[in-house]
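*Asks:* Mind looking over this structure? Questions follow.
What follows draws every value from the coordinates through simple rules; no lab data is involved. What you see is a predicted model, and the numbers here were worked out from it, not measured in a lab. Here Cβ is always computed from backbone atoms with ideal geometry, including for glycine, and neighbour counts include all displayed protein chains.
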Amino acid sequence: MMATSVERMSDMLQGSPLKLGRQDDPQCPRFQAPGQAGIAGGRPLRLNGAMPRPDTESDLPQKHLALPDLAGTAGLARKLAETARAGDCFALWGDLGAGKTEFARAFLRAAGVTEDVPSPTFAIVQPYDTGIGPIAHFDLYRIESAADLDEVGFDMALDDGIVLVEWPGHAGDRLPGDRLDIQFTLGPAGDRAAALTGRGSWRARLAGLNL
Ligand SMILES: Nc1ncnc2c1ncn2[C@@H]1O[C@H](COP(=O)(O)OP(=O)(O)O)[C@@H](O)[C@H]1O
Ligand SMILES: [Mg+2]
């Protein structure tokens, strides 16, 4: 019988020689914030007239919402989980403490996960078999380089199911261009919010969502 994606990912992680030392500067220039100049949907720009025009920030659909409490985060996660399908990538941007893990936890709960949902800060990836298929929850903060993504099964997780990724900028140009960016913010007065940007198939899907 074929091993499930969860088993295969666990196998890959066994004895992984992944070098995990970089705890210093998450703003390292090789890591890019959503929509930063030089990338379009996570892929390098190709300035060739024959290529389709890449997404630019100004024509991407965006939605903003306040997340004053955990119930707000849970409501957003539930609506997105209802429409999510295999291959979807939810890129969870934001500083430490902004609310990325709480969103992932709420998304997994909405998908029927009842087990504990720890932050994958040290494990890097935590796979789940859920009512809506496999979901892999990544935290790439400790990833050394985009090449290390192979060792944690990043592309495989995208092929197999839904991916929730914290510190997505650490994936560099391996981050899929077809994704929903969710930028979490925590203001000085403790006000929390999320800004959603749809890329690829998510341009139309986000526009059609009633959040
Ligand atoms: N919408 C929210 N309302 C209130 N508290 C929140 C909200 N989102 C997150 N928190 C709290 O903020 C803290 C950090 O959240 P967490 O999701 O772990 O942040 P991150 O993963 O971005 O570092 C946790 O104590 C969490 O419960
Ligand atoms: Mg986190």
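*Asks:* Listed highest first by mean packing, meaning other Cβ atoms within 10 Å per residue, what order do 67-79, 102-114 come in? Kindly include the intermediate steps, with their values, before the conclusion.
*Replies:* Working: 67-79: 16.5, 102-114: 19.8.
Most protected by this proxy first, the peptides run 102-114, 67-79.
*Asks:* Further question on the same structure: Less than 14 Å Cβ to Cβ from residue 186, Lys/Arg counted +1 and Asp/Glu -1: what total charge do the surrounding residues give? The partial results should precede the final answer.
*Replies:* Working: positive: 100, 192; negative: 69, 95, 102, 191.
Net charge in that neighbourhood comes out at -2.
*Asks:* Based on the mean of other Cβ atoms within 10 Å per residue, sort peptides 160-172, 190-202, 135-147 so the most packed one is first.
*Replies:* Listed from highest to lowest mean packing, they are 160-172, 135-147, 190-202.
*Asks:* Name the residues whose placed amide hydrogens come within less than 5 Å of the amide hydrogen of residue 200, ignoring near sequence neighbours (fewer than 5 apart) on the same chain.
*Replies:* Those qualifying (amide H under 5 Å, at least 5 residues apart or on another chain) are 179.
*Asks:* Same structure again: Between residue 95 and residue 59, how many nm apart are label points set 7 Å from Cα along the C-beta direction?
*Replies:* With each label point 7 Å from Cα toward Cβ, the separation is 3.4 nm.
*Asks:* State, to one decimal in nm, how far the label point of residue 69 lies from the label point of residue 186, with both points 7 Å from Cα in the Cβ direction.
*Replies:* 1.9 nm
*Asks:* Along segment 139-155, what does the Karplus equation 6.51 cos²θ - 1.76 cosθ + 1.60 (θ = phi - 60°) give for ³J(HN,Hα), rounded to whole Hz, x for Gly and Pro?
*Replies:* Per-residue couplings from phi come out as 10, 8, 3, 8, 6, 7, 7, 4, 5, 5, 4, 4, 5, 9, x, 5, 5 Hz.
*Asks:* Another question about this same structure. Rounded to the nearest 20 Debye, what is the dipole magnitude of segment 164-211 about its Cα centre when Lys and Arg each give +1 and Asp and Glu each give -1 at the C-beta?
*Replies:* With Lys and Arg at +1 and Asp and Glu at -1, about 160 debye.
*Asks:* Still on this model: Quick query: amide H of residue 67 versus all other amide H atoms, modeled in the peptide plane; which residues come in under 5 Å with a sequence gap of 5 or more or a different chain?
*Replies:* Under 5 Å from the amide H of residue 67 lie the amide H atoms of 192, 193, 194, each far enough along the sequence or on another chain.
*Asks:* Right, next: Which whole-Hz couplings ³J(HN,Hα) result when phi for each residue of segment 103-119 is put into the Karplus expression 6.51 cos²θ - 1.76 cosθ + 1.60, θ = phi - 60°, listed in order with x for Gly and Pro?
*Replies:* Karplus values, whole Hz, x for Gly and Pro: 5, 4, 4, 5, 5, 5, 4, 5, 7, x, 6, 10, 5, 4, 10, x, 5.
*Asks:* Further question on the same structure: Once amide H atoms are built 1.01 Å from N in the peptide plane, which residues 5 or more positions from residue 111, or in another chain, come under 5 Å H to H?
*Replies:* none
*Asks:* Rounded to whole Å and sorted largest first, what semi-axes of the equivalent ellipsoid does the C-alpha gyration tensor of segment 61-207 yield via the square root of 5 times each eigenvalue? Intermediate results must be reported in sequence, preceding the final value.
*Replies:* On the way: eigenvalues 87, 57, 53 Å².
Three semi-axes, in Å: 21, 17, 16.
*Asks:* Segment 97-140 to segment 159-211: how many Å between their Cα centroids?
*Replies:* Answer, in whole Å: 15.
*Asks:* Here's a follow-up. Each residue of segment 188-200 in turn: what ³J(HN,Hα) in whole Hz from Karplus with 6.51, -1.76, 1.60 and θ = phi - 60°, glycine and Pro shown as x?
*Replies:* Karplus values, whole Hz, x for Gly and Pro: x, 8, x, 6, 10, 8, 9, 10, 9, 10, x, 10, x.
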